[in-house]
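The values are calculated or read from the model by the stated rules, or taken from the named source; none is laboratory data. The shown structure was predicted, so the numbers you read here are calculated from the model rather than taken from an experiment. Cβ sites come from the backbone with ideal geometry, for glycine too, and all protein chains shown count toward neighbours.
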Amino acid sequence: MLKVYNDLTNKKEEFIPIEPGKVSMYVCGMTVYDLCHLGHARVMVVFDVICRYLQAIGYKVTYVRNITDIDDKIINRANKNDEPFSELTERFIQAMHEDEDALGVLRPTEEPRATTHISEIVAMVESLLEKGHAYVGSNGDVYYSVGSFDGYGKLSGKTIEDLRAGERVEVEQEKRDPLDFVLWKAAKPGEPSWESPWGEGRPGWHIECSAMSTCCLGDTFDIHGGGADLTFPHHENEIAQSEGATGHKFVNYWLHNGFVRINEEKMSKSLGNFFTVREILNSYRAEEVRYFILTSQYRSPLNYDNEHLDNARGALTRFYTSMRGLPEVEPAGAERYREQFTAAMDDDFNTPEALAAMFDLVREINRTRKSDESAAAAMAAELKEMGSVLGILQGDVEAFLRGEATGDDALSDADIDSLIQQRLDARKQKNWAEADRIRDQLQEAKILLEDGAGGTNWRRG
RNA sequence: GGGUGCGUAGCUCAGUGGAUAGAGCAUGGGAUUGCAGAUCCCAUGGUCGCCGGUUCGAUCCCGGUCACACCCUCCA
């Protein structure tokens, strides 16, 4: 039985979809004015794994993740670059897709963009106006009237009084209440804009998610996800908008992932202490980054540290080493580990615990392979299948362990094979000094040799 | 100040109302190896933040307290 931690109730709850066998899920995606950083990667990987697991246990998942392709930051960046905003966003959408692909993140079912859903957004704003949840300011902005919505604060656990007490924003003159937020922003001269009943303008940030999620998944859907910083105000406002407009419950389960931290500080664009996915992929393999993300439960903070990425390499090496040299056969023989794995994932997608189950299986494979290679191979196939739910261990075993030659003076595979052959000859003659010299020489080049019963394996360390 | 979490092995993290609290890495020993590596076995290592309550029994539930993080402003 799958249980998920629901931020709406602050409890772990049994997951019951609206429609048996199907799951509708919406995740707040990127604002595309810059490259993805590790925080974005975490959202992508976490919800990718959630989606994969839901599919693995038999659900047909409709996974929608939006792209915010119009907002202040985009306009500012485009102005700074002196280019049309749409060129900027196209470029970073493409970059985002490249990063996702690199990280093995499966594409969502749909990736709606704000600029292609203006009519749905306008329709929702109109509906909110009709129902008395919104008003038009004299400057042409349309605002949501927070006080008109009874349930405001139910997701973030705040009350309107608390919010007033913590008020830190300059009051905008047009707003009737400082807590009100903009639904439709009137265009200033030269800004990109769309027609609306209230004049030329563009959507506010919160309304696009309400409009697009409702449009793609219906008034009520199963799961809404995103980073923890979106809980308030973004998701709170989405609830107010959607429930205000449709009169129906918006979302049954709210899931938020924790932050990536670096040096005990939140990694964020405003602090400028972020690593882009690309930078990290210069030093580490995508699978290592993915593994690193999965070593913590999705709601917990994730501390960035090179040492942790190095550990990821070690752990994956252990996984791949257990599969090395075994034939590809039908999975079998790992029932108890599979149960352990499923129990972990059923418990709010507990990937660290799921990985522990896989480590237990690795030991079992290594124990078994000495006496019964075909049984070990079947278990290795089980391991690979579990890995597929997490999006790891799908690569070629030898390719992973041997890695890629880097640098101009790096040895080619052929060079290495030739040196290994020379060493084998030396060993046959019990010329240990020469054998060890070759091994040390290879080790200088980060090539580690492993003598076994079936010959000598090598890997890059 | 308000909200939401969290505090478990040296590090990163799991877990549980009850018998010796687990994993990976790290450390020590053994097996294997020409030596190593990989692997297996064993071991070291935790007063489960602190105080109190409920209970036959709490690390786990409840209350309080301290520390930390995030949110209350754009942010994944």
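Summary table
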quantity	calculated
Selection from segment A:51-66 of residues that are surrounded by fewer than 21 Cβ atoms within 10 Å (Cβ to Cβ) and either of a type in the set (S, T, N, Q) or closer than 21 Å to A:H37 by Cα (or both)	A:Q55, A:T62
Yes/no for A:Y253 being assigned to a strand (DSSP E or B), out of contact with any Pro (no Cβ under 8 Å at 6 or more places or on another chain) and surrounded by 15 or more Cβ atoms within 10 Å (Cβ to Cβ)	yes
Output for segment A:214-232, where each listed residue is within 16 Å of RNA strand B (Cβ to nearest atom), assigned to a helix (DSSP H, G or I) and crowded, with 19+ Cβ neighbours inside 10 Å	A:L230
Residue within segment A:363-377 that is within 16 Å of RNA strand B (Cβ to nearest atom), more than 19 Å from A:E330 (Cβ to Cβ) and hydrophobic (A, V, I, L, M, F, W, C) present	no
Contacts under 7 angstrom Cβ, first residue in segment A:26-49 being closer than 15 Å to A:N66 by Cα and of a type outside the set (S, T, Y), partner assigned to a loop (DSSP other than H, G, I, E, B) and near RNA strand B (Cβ under 6 Å from one of its atoms), 6 or more apart	A:C36/A:M30; A:H40/A:M30
Any chance A:N237 is within 12 Å of RNA strand B (Cβ to nearest atom) and more than 23 Å from A:N303 (Cα to Cα)	yes
Residue in segment A:278-295 that is in contact with an Asp or Glu (Cβ under 8 Å, 6 or more places away or on another chain) and either within 13 Å of RNA strand B (Cβ to nearest atom) or in the same structural domain as A:G455 (by TED's automatic domain parsing) (or both) present	no
Residue in segment A:258-273 that is farthest from RNA strand B (Cβ to nearest atom), counting only those that are within 10 Å of A:L302 (Cα to Cα) and in a strand (DSSP E or B)	A:I262
Matching residues, segment A:406-460, being of a type in the set (G, A, S), surrounded by 10 or more Cβ atoms within 10 Å (Cβ to Cβ) and over 19 Å from A:R324 (Cβ atoms)	A:A410, A:S418, A:A426, A:A435, A:A445
Answer from A:Y304, A:Y320 - the residue that is more than 26 Å from A:T31 (Cα to Cα), buried (at least 18 other Cβ atoms within 10 Å of the Cβ), more than 7 Å from RNA strand B (Cβ to nearest atom) and not small (G, A, S)	A:Y320
A:E330, sole failed condition from (1) surrounded by 18 or more Cβ atoms within 10 Å (Cβ to Cβ); (2) of a type in the set (D, E, K, R); (3) over 24 Å from the mean Cα position of the chain (by Cα)	(1)
In segment A:112-148, the residues that are closer than 17 Å to A:Y26 by Cβ and either in contact with a His (Cβ under 9 Å, 6 or more places away or on another chain) or surrounded by fewer than 17 Cβ atoms within 10 Å (Cβ to Cβ) (or both)	A:T116
Lone unmet requirement of (1) assigned to a helix (DSSP H, G or I); (2) outside the structural domain of A:E328 (by TED's automatic domain parsing) for A:S388	(2)
A:E385 surrounded by fewer than 20 Cβ atoms within 10 Å (Cβ to Cβ), under 21 Å from the mean Cα position of the chain (by Cα) and away from RNA strand B (no atom under 14 Å from the Cβ)	yes
Qualifying strands (runs of 3 or more DSSP E) (wholly inside segment A:1-88; at least 1 residues being under 22 Å from A:S210 (Cα atoms) and away from RNA strand B (no atom under 14 Å from the Cβ))	A:22-27, A:60-65
